[in-house]
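Asks: If you scroll down you'll find the structure; I have some questions about it.
The values are calculated or read from the model by the stated rules, or taken from the named source; none is laboratory data. Computed from a predicted model, the values in this text were never measured in an experiment. Cβ coordinates were reconstructed from backbone atoms using ideal geometry, including for glycine residues, and neighbour counts include every protein chain displayed.
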Amino acid sequence: MTTPNIHNGFRSTMDAEADKFDNLTRSVATIESTHRVVHLGFMYGARVHSASLGNGASLDMLFEVPAGVYPHFQVLNIGADGGPDTVQLFEGVTASANGTVVASYNLNRNSTNTSSVTVRENPTISDTGTLLDETYIYSAGNKQGVYNDIEGSELIFKPSTKYLIRYTNNSGSAEDIFMRAHWYELDWQNAENM
């Protein structure tokens, strides 16, 4: 199995060379690659929210990755009005009920590209699979209720695999929390000419 790249037959070397230049200024693009994938229409986001997540309860965000797709998971932002809480990332999840579909959106609001990943909230999980990452949401201090990273820089999800982000309230009372995720899917054939 090979990872898709810009040389898959529908792109020429000339196209790849032209991709180095900004279409408006014709200057060499030097922005960070994650910034550029937003311009190209490859970066997506989704958000889940619970206005009153009970103590001991979890808010789950399920990512269903189809065959042939390699999402690059970038950022998980969390806001909560309490803590201490935990956030876990699982791979190879089994769901007996997939939950409610969450709308995903393209971060380039001029792009018509759509994500191949299906995001759901509150699935019924029968097996969490493999724990990949876990972190702690503080209950006091300057980082209270805020978390902005998972796995450091990015994590490339496997195709045909389900991933779960689970936020668990351990604060002792109900909390108002949200989780927002960003990921990109490379699709050079549908790159935006911005």
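Asks: Filtering segment 121-151 down to residues that are crowded, with 18+ Cβ neighbours inside 10 Å, more than 20 Å from His72 (Cβ to Cβ) and not β-branched (Val, Ile, Thr), which residue is modelled with the lowest pLDDT?
Replies: Going through the qualifying residues, I end up with Gly145.
Asks: Can you find a residue that is modelled with pLDDT of 90 or more, among the hydrophobic types (A, V, I, L, M, F, W, C) and out of contact with any Gly (no Cβ under 9 Å at 6 or more places or on another chain) anywhere in segment 176-183?
Replies: No, because not a single residue in segment 176-183 is modelled with pLDDT of 90 or more, among the hydrophobic types (A, V, I, L, M, F, W, C) and out of contact with any Gly (no Cβ under 9 Å at 6 or more places or on another chain).
Asks: Go through segment 157-171 and count every residue that is farther than 19 Å from Thr124 by Cα and over 15 Å from the mean Cα position of the chain (by Cα).
Replies: So the answer is 2.
Asks: Among the residues in segment 45-54, are any surrounded by fewer than 16 Cβ atoms within 10 Å (Cβ to Cβ), free of Cβ contacts under 8 Å to residues at least 40 places away in the same chain and more than 20 Å from Lys158 (Cα to Cα)?
Replies: No: segment 45-54 contains no residue that is surrounded by fewer than 16 Cβ atoms within 10 Å (Cβ to Cβ), free of Cβ contacts under 8 Å to residues at least 40 places away in the same chain and more than 20 Å from Lys158 (Cα to Cα).
Asks: Hey, among the residues in segment 41-61 that are part of a loop (DSSP other than H, G, I, E, B) and closer than 30 Å to Trp188 by Cα, which one's farthest from the chain's Cα centre (by Cα)?
Replies: Residue satisfying both the conditions and the ranking: Gly41.
Asks: Could you grab the pairs with beta carbons closer than 7 Å, sequence gap of 6+ or different chains, first residue in segment 64-86 and surrounded by 20 or more Cβ atoms within 10 Å (Cβ to Cβ), second one modelled with pLDDT under 85 and hydrophobic (A, V, I, L, M, F, W, C)?
Replies: Leu76/Ile150; Ile78/Ile137; Ile78/Val146; Ala80/Ile137; Gly83/Ile137; Asp85/Ile137
Asks: Does segment 91-106 hold any residues that are over 27 Å from Gly41 (Cα atoms) and aromatic (Phe, Trp, Tyr), and which are they?
Replies: Once the filter is applied, which keeps residues that are over 27 Å from Gly41 (Cα atoms) and aromatic (Phe, Trp, Tyr), segment 91-106 yields nothing.
Asks: May I ask you to list pairs of residues, at least six apart or on different chains, whose Cβ atoms are under 9 Å apart, with the first in segment 102-115 being part of a strand (DSSP E or B) and the second being surrounded by fewer than 13 Cβ atoms within 10 Å (Cβ to Cβ) and not hydrophobic (A, V, I, L, M, F, W, C)?
Replies: Note: pairs meeting the criteria are Asn106/Thr112.
Asks: Of the residues that sit in segment 1-35 and are within 26 Å of Leu155 (Cα to Cα) and part of a helix (DSSP H, G or I), which one is modelled with the lowest pLDDT?
Replies: Residue satisfying both the conditions and the ranking: Ala16.
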